[in-house]
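Here is the structure we will look at, set down as structure tokens.
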Amino acid sequence: MIPVRRPEREPDGFNEHVRQVGMAWIEKTTARTYHRTPPPYWRWCEPHLRRTFLERCGWAGVFITSGQVEHFVSARRCLAAGGDLALIYDWENYRYVMPELNSSKQAVDGMLDPYDVQAGWFRLVLPSLRVELTDVIPDLERERAIKTLDRLNLEKHPKIVRLRETWLGCYRNGEFQIRTVRRFDPLLADALERLFAAPVEQLTEPARGLRERIVVERRRAGLSAP
């Protein structure tokens, strides 16, 4: 996960296209039950959330070609007894997420909010491409962060790993510069910069080998590293 700037206000047209029609449905709904499926008026928000999240999944922190509107407080929780029905059609309750992670999260609450994440809370390890927590994350957020990593398999999610392998390969062969890597995957860009900034004697043997291979391949393409 990477920091995402919280929007200062809801997008123009949200009240008309989402809130009003959604609340009209709520007013007509007499039973709170899991079997009631709210109309997905929130899909109207997808282009606006995509821009807010810079086309990156809020939890994976990587560029995605398609994403979904996710209820941070799940719609199921909103429909349950004691839930806040209005949150189903509340702009502040929406996040941008890749479909695979949306399916994994489902109705689970208590996850770490992308809008709360600060720089340095998570780190990508090379060459394993494993995501880990750092000591920077506050103790009050650590439990939620661990739950989020475990529930969504963010440490080693197969699709996310495949994306990172592709972008790392593009960087190695000279197709990408580091700024392009950062556009697609800020954690990978940070990991590459740390890899080349670290003294050789402080690197693990696999990391040292990766750095050497990157240098050779980029020089072959007429480029330097990082």
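The values are calculated or read from the model by the stated rules, or taken from the named source; none is laboratory data. These numbers come from a predicted model, not from an experiment. A quick note on method: Cβ atoms are made from the backbone with ideal geometry, for glycine too, and the neighbour counts reach across all protein chains shown.
Filtered by the rule that a residue be surrounded by 19 or more Cβ atoms within 10 Å (Cβ to Cβ) and out of contact with any strand residue (DSSP E or B) (no Cβ under 9 Å at 6 or more places or on another chain), the range 112-147 gives 112, 117, 126, 129. Yes or no: residue 196 aromatic (Phe, Trp, Tyr), within 19 Å of residue 120 (Cβ to Cβ) and in the same structural domain as residue 160 (by TED's automatic domain parsing)? Against the criterion (aromatic (Phe, Trp, Tyr), within 19 Å of residue 120 (Cβ to Cβ) and in the same structural domain as residue 160 (by TED's automatic domain parsing)), residue 196 qualifies.
Taking the listed residues 150, 185, the one that is acidic (Asp, Glu) and surrounded by 19 or more Cβ atoms within 10 Å (Cβ to Cβ) is 185, with no other qualifying.
Output yes when any residue across the range 172-193 is over 21 Å from residue 132 (Cα atoms) and basic (Lys, Arg), and no when none is.
Step one: list which residues in the range 172-193 are over 21 Å from residue 132 (Cα atoms), which gives 172-180.
Checking the rest, the ones that are also basic (Lys, Arg) come to 172, 179.
Checked the range 172-193: at least one residue is over 21 Å from residue 132 (Cα atoms) and basic (Lys, Arg).
Listed by first and then second residue, the pairs linking a residue in the range 142-165 that is closer than 18 Å to residue 114 by Cβ to a residue that is exposed (fewer than 15 other Cβ atoms within 10 Å of the Cβ), with Cβ atoms under 8 Å apart and 6 or more places separating them unless they lie on different chains, are 144/110; 147/110; 151/108; 155/130; 155/132. Considering the conditions (1) exposed (fewer than 12 other Cβ atoms within 10 Å of the Cβ); (2) under 23 Å from the mean Cα position of the chain (by Cα), residue 205 is excluded by exactly one of them, (2). Taken as a whole, the range 45-58 holds at least one residue that is among the small types (Gly, Ala, Ser), touching a helix residue (DSSP H, G or I) at 6+ places or on another chain (Cβ under 6 Å), surrounded by 15 or more Cβ atoms within 10 Å (Cβ to Cβ) and within 20 Å of residue 116 (Cα to Cα). Against the condition more than 15 Å from the chain's Cα centre (by Cα) and not assigned by TED's automatic domain parsing to the domain that holds residue 154, how does residue 90 come out, does it pass? Yes. Counting the residues of the range 59-84 that are β-branched (Val, Ile, Thr) and either more than 17 Å from residue 113 (Cβ to Cβ) or in a helix (DSSP H, G or I) (or both) gives 3. A single member of 194, 218, 142, 164 is among the basic types (Lys, Arg) and over 22 Å from residue 3 (Cα atoms), and it is 218. Among what's in the range 47-86 and is without any contact (Cβ under 8 Å) to a residue 40 or more places away in the chain and of a type in the set (D, E, K, R), pick the residue that is farthest from residue 111 (Cα to Cα). Per the criteria, the residue is 51. Taking the numbered list (1) farther than 24 Å from residue 124 by Cβ; (2) touching a Pro at 6+ places or on another chain (Cβ under 6 Å); (3) among the hydroxyl-bearing types (Ser, Thr, Tyr) in turn, residue 74 passes all entries but (2).
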